[in-house]
Structure formats: C-alpha cells, structure tokens
Amino acid sequence: ALGVSHQAPRGWEYQYKRLRTFWKRHGHADVPPRMADLFDWCVAQRTARRKGTLSRERIRKLEWLGFSWSPQDALWMKRFLELKEYVAEHGHADVPTMKRGLGMWVRVQRLRRTRGQLKDWRKRLLNQVGFRWRIRTRTR
C-alpha cells in the first residue's frame, strides 16, 4: 500500500514527544481519533498498562501530562477543560457551587481532596489554573 506503515514511525520517546507537543498546544493529552497514528499509540499505551507491560517511568511520564487511562479520566478532563474556559472568561476558578454541572464538579473535587481521593495529577492540573481548595463563605 504505497509503503505506508500502520505502525508507529519511531520509538516510544518520539511518540511521547509528539504527545507532549499536542499537550502544550491544547492543554490536555486527549488525542482525537482523527490524529490516527498518535491516537493509536495512546490506545497502545493504555493496553500496555492494563497488561502490566508499561514501565513505571513511562506511566509517570504520561500521567504528568494528565493522560487519560480510563473513560472516567476522559470525563474528568472534559470538565477540567470547561473549568479552564471558565477561568479564561472570568479570570478566576471560583465557580459558584450552585451552578449546575461545573459548580457541582468543583464541589466534588474539593470533597475528594479532603477525603484523600483526588489523584495527584488532577490536583496538579487544578492548582495550575488557580483552583482554590477552600472557599470562604460570606457572613453578614
């Protein structure tokens, strides 16, 4: 087929650098299917991790970018990107908690951190957008 290879053109580090470039440009590591070779590489990383054949070092490097290992992580990233848009529009990350959707999600992140249930890479991303873990309630 005209010498077209369906395998990754180069090794792991090359693809990881491509993923980092994508992450720098888009602020997340959720590669869309239309970027077929990088998308397929990401799928292969998830498979390797599930099978136990992906090294701790590689897992750590991918997690540093907020790499989604599961659909739950992808949903979390979707909300996080909504939060980034909120910050861009309002200049802060203090979403009113009564605001449906994003407001509830923000409350859940604070609760999970308090309970020690928030993954480190999620804390790091939230900190990067100026997320406040404690909100003072107004008293009159």
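From 104, 98, which residue is exposed (fewer than 15 other Cβ atoms within 10 Å of the Cβ), in a loop (DSSP other than H, G, I, E, B) and among the aliphatic types (A, V, I, L, M)? Within the list 104, 98, the selection yields 98.
Just checking, does segment 62-72 include any residue being assigned to a helix (DSSP H, G or I) and modelled with pLDDT of 95 or more? If you could, list the steps in order and put the result at the bottom.
Narrowing segment 62-72 to residues assigned to a helix (DSSP H, G or I): 62-64, 71-72.
Now drop any that are not modelled with pLDDT of 95 or more, which leaves 62.
Yes, because at least one residue in segment 62-72 is assigned to a helix (DSSP H, G or I) and modelled with pLDDT of 95 or more.
Looking at segment 105-124 only, could you name the residues that are modelled with pLDDT of 90 or more, closer than 16 Å to residue 72 by Cα and not polar (S, T, N, Q)? Talk me through it step by step, then tell me what you get.
Taking segment 105-124 as the starting set, the residues that turn out to be modelled with pLDDT of 90 or more are 105-120, 122-124.
Next, from what is left, pick out any that are closer than 16 Å to residue 72 by Cα: 105-106, 108-109, 112, 117-120, 122-123.
105, 106, 108, 112, 118, 119, 120, 122, 123 - these are the residues of segment 105-124 that are modelled with pLDDT of 90 or more, closer than 16 Å to residue 72 by Cα and not polar (S, T, N, Q).
Kindly indicate which of 46, 34 is open to solvent by 50 Å² or more (accessible area, probe 1.4 Å), assigned to a helix (DSSP H, G or I) and more than 18 Å from residue 131 (Cβ to Cβ). Show your work before the answer.
On the way: 34 fails: assigned to a helix (DSSP H, G or I).
The match here is 46.
A single member of 86, 16 is touching a residue at least 40 places away in the same chain (Cβ under 8 Å), in a helix (DSSP H, G or I), of a type outside the set (S, T, N, Q) and surrounded by 14 or more Cβ atoms within 10 Å (Cβ to Cβ), and it is 16.
The set of residues in segment 64-83 being open to solvent by 70 Å² or more (accessible area, probe 1.4 Å), closer than 18 Å to residue 124 by Cβ and not hydrophobic (A, V, I, L, M, F, W, C) consists of 72, 78, 79.
Being over 15 Å from the mean Cα position of the chain (by Cα) and exposed (fewer than 12 other Cβ atoms within 10 Å of the Cβ) is the filter here, so list the residues in segment 49-63 that pass it. Show your work before the answer.
Keep residues of segment 49-63 that are over 15 Å from the mean Cα position of the chain (by Cα), which gives 49-58.
Listed by number, the residues that qualify are 50, 51, 52, 53, 55, 56, 57.
The values are calculated or read from the model by the stated rules, or taken from the named source; none is laboratory data. The shown structure was predicted, so the numbers you read here are calculated from the model rather than taken from an experiment. Cβ sites come from the backbone with ideal geometry, for glycine too, and all protein chains shown count toward neighbours. Just so you know, the surface numbers come from the protein's heavy atoms only, side chains and all, with ligands and any DNA or RNA stripped out. Shrake-Rupley method; radii C 1.70, N 1.55, O 1.52, S 1.80 Å.
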